[in-house]
Amino acid sequence: MSKELIRLSNCTMAFDGEIVLDNINIYFNDKEFLTLLGPSGCGKTTMLRIIGGFLKPTSGDVLFDGVRINDVPPHKRTVNTVFQKYALFPHLNVFENIAFGLRIARPDGKKIKEEEIRERVLEMLEVVSLKGFEKRSVSSLSGGQQQRVAIARALVNRPKVLLLDEPLGALDLRLRKDMQNELKRIQQAMDITFIYVTHDQEEALTMSDTIVVMDKGVIQQVGTPEQIYNEPKNAFVADFIGESNIVDGNMICDGEVEIFGKRFKCLDGGFEPNEPVDVVIRPEDVDIVPLKEGMLTGLVTNITFKGVHYDIIVDFKGFKWLIQTTDYCPIGSKIGIKIDPDGIHVMKKSKYSGMFGDYSSYSAEYDEISDVDYTAEDEQTEEEWHED
Amino acid sequence: MRKKSSIGGKIFMALIFLFLYAPIFVLIVFSFNKAKSRTQWTGFTFDWYKELFSDSSIMNALYTTLAVSIIAALVATVVGTITAVGLSKMSRRWRSPLLTINNIPVMNAEIVTGVSLCLLFVFLGSFLKFNLGFGTLLIAHITFDIPYVILSVMPKIHQMDNNLMDAAQDLGCTWFQAFRKVMIPEIMPGIVNGMIIAFTMSIDDFVISYFTAGSRVETLSMRIYSMTRKQISPKINAISTLLFVSVLVLLVIINVRQSRQEAKAKELERKLVNK
């Protein structure tokens with residue numbers, strides 16, 4: 001199978017004494033689409049810049065193909081980057097932007113022949129579906145097109161690894177979806193490693209072979225999208241990836257967990273008898289059933305139409321859950337719910353317990369507002385790092 | 001949404017321009033006057049301009065002025081640009097005080113700059129055995145030109161996308177190659193503006209030159225000053241007119257360039273927002 005290409009071992013990064021990456025140990029495999037996912041300030045961009053060579057870790061080693069590369073400057077690394085706001089050279093046209101890396105004199109003094117440069121640039125333009133754009137000035141291009149030029153400019157140097165720093169952040173939703181498929185296609189066509197940084201969990205789930213979830217400079221979980229979604233390691237991961245109701249539970253024995261005083265069958269095991277645990281129940285895994293058949297009964301306090309389904313908020317003894325259902329349930333009605341054993345996921349208690357997964361303050365607008373805030377703040381922090 | 005100015009405002013404006021430009025207007029008109037009189041108009045002539053170009057002391061002063069201004073502007077542009085790049089890489093804690101220090105010579109009374117440079121040169125000259133002359137004049141001009149270049153280049157560096165230099169290095173450039181191939185073209189408009197401003201300042205300068213040129217070297221403005229003290233000749237009008245026109249042209253060039261660049265930047269921003 002694929003072999004290990006990059007490894008960070010005991011990597012710590014501190015800016016002015018503030019720890020941004022805390023003793024990171026991780027390896028990336030060759031030819032993988034790997035995503036670093038986390039909220040603003042989690043250290044994902046810092047990690048990318050360490051791999052790109054723009055930052056040196058305060059302590060620890062960066063290994064590339066088994067060789068320590070801490071002190072190798074960016075221009076000597078076989079790694080290329082697609083920057084957040086593309087960073088195209090405004091004084092050069094599309095062709096010259098892409099040819100830029102090819103025109104730099106190599107350390108051995110050899111120059112690539114003009115013919116070969118032309119061939120490779122045109123080939124790259126085809127890969128990113130921009131045939132015929134070579135004479136255009138970059139400022140005349142749309143955001144999506146600039147994005148493609150940035151990708152072509154990086155890939156034309158035939159790097160072993162392409163680093164992408166939130167490349168779709170500035171695009172609108174529709175374009176973003178197109179580019180997600182496009183990026184995946186390009187990665188498979190070029191057959192190289194992509195390391196992709198984003199705070200958008202949906203983007204991560206759609207494109208990645210492996211996702212690394214980070215928070216506060218610490219890796220929370222590494223796994224395939226399915227593993228991350230279905231078997232989150234702690235409350236932070238469960239909440240960050242998709243919607244989830246997280247409640248306190250008691251592990252009675254393997255395959256049986258107690259929530260709100262009721263026993264539920266589940267598929268998890270390996271806990272101490274009666275160990276307090278966090279229980280994740282995804283909103284789509286809850287079935288609404290007639291009151292009598294319900295394992296739990298609750299009161300509908302809010303309902304929002306989302307197109308494919310309704311988001312309803314149900315009050316269970318003061319704890320509010322989000323449930324996604326195609327059935328209409330009027331506010332104030334009492335409903336029963338049923339959860340299949342594979343809809344329950346049990347996690348060990350962590351420092352994130354009790355911080356996430358409660359929908360008591362939920363309202364549709366609130367959700368949107370907090371999302372917008374989040375993006376703006378995110379960009380600001382990343383900018384500040386670039387300043388340093 | 002431009003405010004319409006009232007009639008009173010317009011009159012006020014006209015008066016200000018009258019006060020500002022009437023003396024220069026009179027000067028220009030009388031530079032074409034046939035008689036030596038500065039009160040009576042006796043007819044149109046180019047004679048005074050012709051005489052200018054046959055006056056060797058004036059032509060020498062002109063050469064000195066051009067030589068000093070061009071060399072000083074070029075040297076100040078190189079030094080100022082490198083300094084601006086260095087400053088922009090510093091942390092804010094160091095950058096702001098240094099920029100303030102940079103601004104002081106711009107604000108400072110020229111006579112203070114002139115006298116202090118003069119004292120410094122005389123002091124150093126007594127050790128190192130040199131006299132005031134073209135060399136000291138040139139150094140003085142470079143000194144007071146540098147802050148203008150820095151002030152003109154600095155904003156361009158700030159406007160530049162931080163990632164551009166990273167991107168160039170990522171694509172295989174050393175830092176210096178990236179500086180040459182990416183940063184210089186990006187900040188070029190600021191560099192050129194800075195150079196023109198520095199050149200204008202040098203051509204224009206009298207006070208600092210007067211204190212640092214010594215007794216054997218003379219710039220054009222110094223020549224004019226000494227001419228006014230000896231005999232009163234309409235040649236003064238002619239040469240002053242030429243000096244005024246050349247500085248005016250340079251200032252217009254700077255202004256046009258700056259407003260074009262601003263329009264370009266706005267256009268670019270508008271395009272980016274629309275997409």
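The values are calculated or read from the model by the stated rules, or taken from the named source; none is laboratory data. Quantities reported herein were computed from a predicted structural model and do not represent experimental measurements. A quick note on method: Cβ atoms are made from the backbone with ideal geometry, for glycine too, and the neighbour counts reach across all protein chains shown.
Annotations
- The residues in the range A:321-338 that are buried (at least 19 other Cβ atoms within 10 Å of the Cβ) and under 28 Å from the mean Cα position of the chain (by Cα) can be counted, and the count is 4.
- Selected residue [free of Cβ contacts under 8 Å to residues at least 24 places away in the same chain, among the aromatic types (Phe, Trp, Tyr) and farther than 30 Å from A:Lys111 by Cα] from B:Phe176, B:Phe130, B:Phe134: B:Phe130
- Within the range A:154-181, residues that are crowded, with 18+ Cβ neighbours inside 10 Å have Cβ atoms under 6 Å from residues that are among the aromatic types (Phe, Trp, Tyr) in these pairs: A:Leu162/A:Phe194; A:Leu164/A:Tyr196; A:Asp165/A:Phe83, counting only partners at least 6 apart in sequence or on another chain.
- Consider the range A:44-91 and keep the residues that are in a strand (DSSP E or B) and away from every other protein chain (no Cβ under 11 Å). The one that is nearest to A:Ala154 (Cα to Cα) is A:Phe64.
- The set of residues in the range A:243-274 that are in contact (Cβ under 8 Å) with a residue 60 or more places away in the chain, exposed (fewer than 15 other Cβ atoms within 10 Å of the Cβ) and part of a strand (DSSP E or B) contains only A:Lys265.
- Filter result for A:Tyr310 (in contact with a Cys (Cβ under 9 Å, 6 or more places away or on another chain), more than 20 Å from A:Ile259 (Cα to Cα) and either modelled with pLDDT of 80 or more or assigned by TED's automatic domain parsing to the domain that holds A:Lys265 (or both)): yes
- Any chance B:Leu87 is touching a Leu at 6+ places or on another chain (Cβ under 9 Å), crowded, with 16+ Cβ neighbours inside 10 Å and either at pLDDT 90 or above or among the β-branched types (Val, Ile, Thr) (or both): yes
- Counting only helices (runs of 4 or more DSSP H) that sit completely within the range B:136-233, those holding 1 or more residues that are in contact with an Asp or Glu (Cβ under 6 Å, 6 or more places away or on another chain) and away from chain A (no Cβ under 14 Å) correspond to B:184-204, B:207-212.
- Look at (1) over 16 Å from the mean Cα position of the chain (by Cα); (2) part of a helix (DSSP H, G or I) and you find that B:Phe130 fails only one, number (2).
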